[in-house]
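First up is the structure itself, then whatever we jot down about it.
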Amino acid sequence: MSSIRLDSISKSYDGEHFAVNKFSLSVADGEFMVLLGPSGCGKSTVLRMMAGLEEITAGELYFNEVFANYIGARDRGVAMVFQSGALYPNRTVRGNITFPLQMAGEKPEEANEKAHQLAGVLGIQQTLDRLPQTLSGGQRQRVAIGRAIVRQPSAFLMDEPLSNLDAAMRTELRQEIGAMTRDLGITTVYVTHDQVEALTLADRIAVMRDGRLEDVGTPAEVFDDP
Ligand code: ADP
Ligand code: ADP
């Protein structure tokens, strides 16, 4: 598990405009933090800088108070899930979920046991032998989540994971994501432009606008402000 601290982080893609501008935020160990704001305000950029997928132009990033700007994406111990989880099309659900474990050299029996457990948590036990293209969108996102967390990352980053799902599936998976991350006690940063998702999932919400932090607090603090 991990705390995350962003100290005045900025990102410019073109050396002129700032997609993220002096953004500071602390996420406590085990906390569920939602980054909320309109499209284009810089949420994904913040998340990708946390994941090590995007260089930080200025400012400092810390995991457990260890300076992390230059730690490679693979060595950060963070897992990320995107809008539509790109699964390996030629691997079964089991093969997708166990892939990170295989890469880490884990024994197949142990990897399969973990996949089985996680599939139970995610409600996709009956799909373990199927290929991704035979799954619903919601099932595919569950597999992507399973694959992301199977190595017990220290932090879990999600970028609009529900936005490609229909309304009913969105509600269902939202509730499951909330329950699962709390069960696991995993530090989570969740990006969305949807207020309902933010309100129902967050321990705290960081509201972004034009690359800056506009407000941060519990859902009650953020939405009941006069
Ligand atoms: P814009 O509205 O064009 O994105 P900004 O306020 O992002 O303007 O930036 C205007 C100029 O101020 C930038 O070109 C840059 O030189 C400077 N600047 C703004 N924010 C930062 C920052 N976080 N770090 C360093 N320089 C900055
Ligand atoms: P959000 O996740 O809130 O929709 P983003 O972080 O994706 O916002 O984008 C913030 C700003 O940075 C936008 O103006 C977007 O066009 C720009 N941007 C994002 N990614 C890139 C990129 N790879 N190259 C250039 N500009 C980018």
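The values are calculated or read from the model by the stated rules, or taken from the named source; none is laboratory data. On a predicted model such as this, the values are computed, not experimentally measured, just so you know. Positions of Cβ are backbone-derived with ideal geometry, glycine not excepted, and every protein chain shown enters the neighbour counts. The accessibility values were calculated without ligands, DNA or RNA, using every heavy atom of the protein model including side chains. Shrake-Rupley method; radii C 1.70, N 1.55, O 1.52, S 1.80 Å.
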Exercise for the section: Return yes when Leu122 is open to solvent by less than 60 Å² (accessible area, probe 1.4 Å), among the aliphatic types (A, V, I, L, M), under 26 Å from Ser163 (Cβ atoms) and more than 16 Å from ligand 1 (Cβ to nearest atom) and no when it is not. Expected result: yes
Exercise for the section: Would you please name the residue that is nearest to ligand 1 (Cβ to nearest atom), looking only at residues in the stretch 25-42 that are in a strand (DSSP E or B) and among the aliphatic types (A, V, I, L, M)? Expected result: Leu25
Practice task
State which residue pairs qualify: first residue on the phi > 0 side of the Ramachandran plot and part of a strand (DSSP E or B) and inside the stretch 7-24, second residue open to solvent by 60 Å² or more (accessible area, probe 1.4 Å) and within 8 Å of ligand 1 (Cβ to nearest atom) in any location, beta carbons under 8 Å apart, and separation of 6 or more residues or different chains.
Solution key: Ser8/Lys22
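If I filter the stretch 153-183 down to residues being among the hydroxyl-bearing types (Ser, Thr, Tyr) and in contact with a Ser or Thr (Cβ under 7 Å, 6 or more places away or on another chain), which single residue comes out as farthest from ligand 1 (Cβ to nearest atom)?
Out of the qualifying residues, it is Thr181.
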Handout entry: Residue that is surrounded by the most Cβ atoms within 10 Å (Cβ to Cβ), among those in the stretch 46-62 that are of a type in the set (A, V, I, L, M, F, W, C) and more than 14 Å from ligand 1 (Cβ to nearest atom)
Key = Met50
Exercise for the section: Evaluate the stretch 68-76: report whether one residue or more is under 19 Å from the mean Cα position of the chain (by Cα), free of Cβ contacts under 8 Å to residues at least 12 places away in the same chain and within 16 Å of ligand 1 (Cβ to nearest atom). Expected result: no
Exercise for the section: Can you tell me which residue within the stretch 2-18, out of those that are open to solvent by less than 30 Å² (accessible area, probe 1.4 Å) and within 8 Å of ligand 1 (Cβ to nearest atom), is nearest to Phe63 (Cα to Cα)? Expected result: Ser10
Fill in the blank from the handout: Of the residues in the stretch 22-45, those that are open to solvent by less than 30 Å² (accessible area, probe 1.4 Å), more than 7 Å from ligand 2 (Cβ to nearest atom) and not charged (D, E, K, R) number 8
Exercise for the section: Kindly establish whether Arg130 is modelled with pLDDT under 95 and either basic (Lys, Arg) or in contact with an Asp or Glu (Cβ under 8 Å, 6 or more places away or on another chain) (or both). Expected result: no
Exercise for the section: Identify, from the list Ile56, Ile71, the residue that is part of a loop (DSSP other than H, G, I, E, B) and away from ligand 2 (no atom under 16 Å from the Cβ). Expected result: Ile71
Problem - Whichever residue in the stretch 97-116 is in a loop (DSSP other than H, G, I, E, B) and farther than 30 Å from Leu6 by Cα and, among such residues, is most open to solvent (accessible area, probe 1.4 Å) - result: Lys107
Handout entry: Positions within the stretch 44-67 being in contact with a strand residue (DSSP E or B) (Cβ under 6 Å, 6 or more places away or on another chain) and free of Cβ contacts under 8 Å to residues at least 12 places away in the same chain, in sequence order
Key = none
Practice task
Could you check, for the stretch 82-96, whether at least one of its residues is within 15 Å of ligand 2 (Cβ to nearest atom), under 27 Å from Leu201 (Cβ atoms) and surrounded by fewer than 15 Cβ atoms within 10 Å (Cβ to Cβ)?
Solution key: no
